[in-house]
Structures are given as structure tokens and as C-alpha cells.
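First the structure, in the form of C-alpha cells, and then the observations on it.
The values are calculated or read from the model by the stated rules, or taken from the named source; none is laboratory data. The shown structure was predicted, so the numbers you read here are calculated from the model rather than taken from an experiment. Here Cβ is always computed from backbone atoms with ideal geometry, including for glycine, and neighbour counts include all displayed protein chains. Accessible surface areas use protein heavy atoms only, side chains included; no ligands, DNA or RNA. Shrake-Rupley method; radii C 1.70, N 1.55, O 1.52, S 1.80 Å.
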Amino acid sequence: MLAPRPSDDHAVDPQLPDEGVWLGRVERYGIGPSVVVMRDGEVFEITSRRAPTVRDVLEQPDPLKFVTSVRGVRIGDVGDLGSSLAWLPPCDLQVIKATFGNFVEVILGWLAEIRAGSDPCAQREFMAHRRDPITRAFAAHRKGQRLETTVAALKDQDCWFDELREFLGLDAATLGNRPVLSAIGHAQPVPLSGDWQMASSQPEIVLAVNSRGDVLGAALGNDVSTRPQVSDRLARTYLNKDTLSGCVIGPMIRLFDGVFTLDDVSDMHLDFQVSAGGKPVFQDRYHLRGMLRSPLDQVTQVLSSERGFPDGMMLFSGTPFAPCMTQGIGRSHHEVGDRVRISAPMLGALENPVVAAHNCAPWRAGISVLMRNLAARELL
């Protein structure tokens, strides 16, 4: 079993819009992980020997045509699935990657944590004095200004920091891989270890890319960062992400079909809410149009710097949210007992409860478990 049986508390409607072409995975208890599509609010299983995994669907010569033409077996209405099945992340054998620092505000927030320490007032002052010069410098650099000129301009305004070089390079700053199948799906509990004082959710768009480099669709993502206080070095961010709780994807992948496109991703907004005891303790809205690198540029840069991904990848495209941006307007980090919700009108709602790690079943369903299950069902 890849996911725990849902309780009433976890039966959360993903609020997927009826329009669109949707691809995902669910756990059918007593059967195993199943590939599904949604059509007009109804969910159909399409698992087959031709395409036993989401990876295989996305590797079809024409994935969009395959998904829209395959018949499938109806298993229920999308809003009711959580009471009888479990949502799995809409990916399986893909590598999970992430880019970092695609928004000036996030870069500023990260710098403020490093340079100004943990004092919120000092962080706000640091950002206030440097926001405009750094924003202008990055904009000029993206338009073709030479790196040396950009660095000189920032130095003249006392706004140059060595850490900025990471984000002024030709390629996107890329974080390491998560283990395959380590992602958590919609409505599934996010484990929080008692060793961490807090964990920050980071709302993002996740791009589905096949082995040919085709960007085929998008889903919502929560790039959970667990840390005792702040990441005082970018290198530490790798440690924060290499955990089972570091990655939530869902509810489903919406495929690009000409109506929904990559341009929509660049122009959408994400609503982010943390609630405790049924009441919001933090909520805000983040627009993605301020991305320093477009989603397609990010994919191209990640693929150009790697040897390739034979099973494709799911790419977290960067968050517009930084914890220090929220000082004084609510508790943006989450704690045991909270619920974290990320939503967008075109992609539905990704909602997860936060639970103590010792109350979660250990992660045991890796690649070998999936392969054995598919083989026993004569799907390989």
C-alpha cells in the first residue's frame, strides 16, 4: 500500500475545474496504484500494459491524444474519491527536481536571513534599502546587460553580495533530486519531525516533463522546507529538501492542450493558507508573472546541465514566497495539527494536514514495491 487509508479528516475535495485534460494517480485499496484521468468531474482508471505508470503515459508519442482517447473504467466522482481511495502524487518514476531563486523577493528574503540574522526588524530594513536596486539590476541583466556591468552597478549602491552570483549565472540554480516515489499526494499527511522547530511550506507550480524534454503539463506543489531556524547557507537547503516530507505534488497534472498553456502558468496566481483549529493563521496570494526565468527556460537550463532523465522529471519551478516576507502578518510556518492549502483556479486545491512524524507510517513503498505490484497485476 503506497498511501494510508483516508479518514474523514483527509477526505478533501481537490476542487478541480471540470474543463481541462487531467492525469493523475490514486491508490485503490486491495489493488494498488492506478493511473487515472478526470473528465467532466468523473474519474476513470486507465492503467494498462501499454501505460502502467504516469511515466509511460507521458512517454507516448502523443500523450495528449492518448489521454483524451483512452476509454478507461469509471471509479467515481472526483469530489468523493477521498472517502474511498487515496490520492497519490500524479507522478511515479520521474526524477523530482527544483529550481531556486526565481523571484527577486525570495532572493532578497534569503539574503536578509543570512546577512541580517533572525531579527525581523533588521531583515525588513535590509530588504527595504536594497529591494529597488537589486530588482533593477536583475531586470537589466535579464535583458542582456553584461555580468560585470551588473555587479559594478550593485557595488556602487552598496548592494552587491557574493551570494547573488548564484542567481546571475546563465543557468537556473538547481537543487538536488528527491528520491523517486518520495512525493506526497493531495490530502495525505505531511510528517513533521520533533527535531524541527518549524517547517515552511512553499507554494509552487510543478512542471511535468518527459524524457524528450517536452513540457506536457503542470500541477500544484508544496516544496516543504524543514529547518530549525533559517538556512544560513544555500548548501543547507539540499538537506532541508532531502526528506520524505519535503515534497507534495497534486492533486493532478493538467496537460497543456492549447486552451491551457505554459503562458497561463507564467501569469497565474497561487493562494496560500495555513489554518489551525479550523481558523486561518496565515493567508496570502502570490503572482507568478514576476518570475526571473520563464518555466520553459528553467526546463531547458536544467536539461542542458544534466545527462538526461530517461523517465522524465517533475520540476518545481520556484516559489514567490519567503518566510521573512510574512513577519507581522501571521504565522506562515506550519506546526503539528495545522492544515496547509495551496490553490489556483486552473489547477484546483492541494491541501494536506500536518502530523507528527512518529504518527505516520514509515515510507516503505519504493520502486521495487511498485514494480512487484504491477507485475502481480500482469501489467508489465
Give me the Å³ per residue figure for the convex hull around the C-alpha atoms of the range 1-158. 204 Å³
Can you list the equivalent-ellipsoid semi-axes of the range 251-321, largest first and in whole Å, using the square root of 5 times each Cα gyration tensor eigenvalue? 28, 15, 14
Just to verify a number: what accessible area does Met252 come out at with the full protein assembly present, 1.4 Å probe, Å² rounded to tens? 0 Å²
In the neighbourhood of Val180 defined by beta carbon distances under 12 Å, the net charge of the other residues (Lys, Arg +1; Asp, Glu -1) is +1
Sorting check: for 58-71, 13-26, 91-104, which peptide has the highest mean count of neighbouring beta carbons within 10 Å, and how do the rest follow? 91-104, 13-26, 58-71
Whole number please: convex hull volume per residue, Cα atoms of the range 96-166, in Å³. 97 Å³
Quick one: which residues, 5+ away or cross-chain, put their amide H under 5 Å from the amide H of Thr319? H built at 1.01 Å from N. Gly101, Asn102
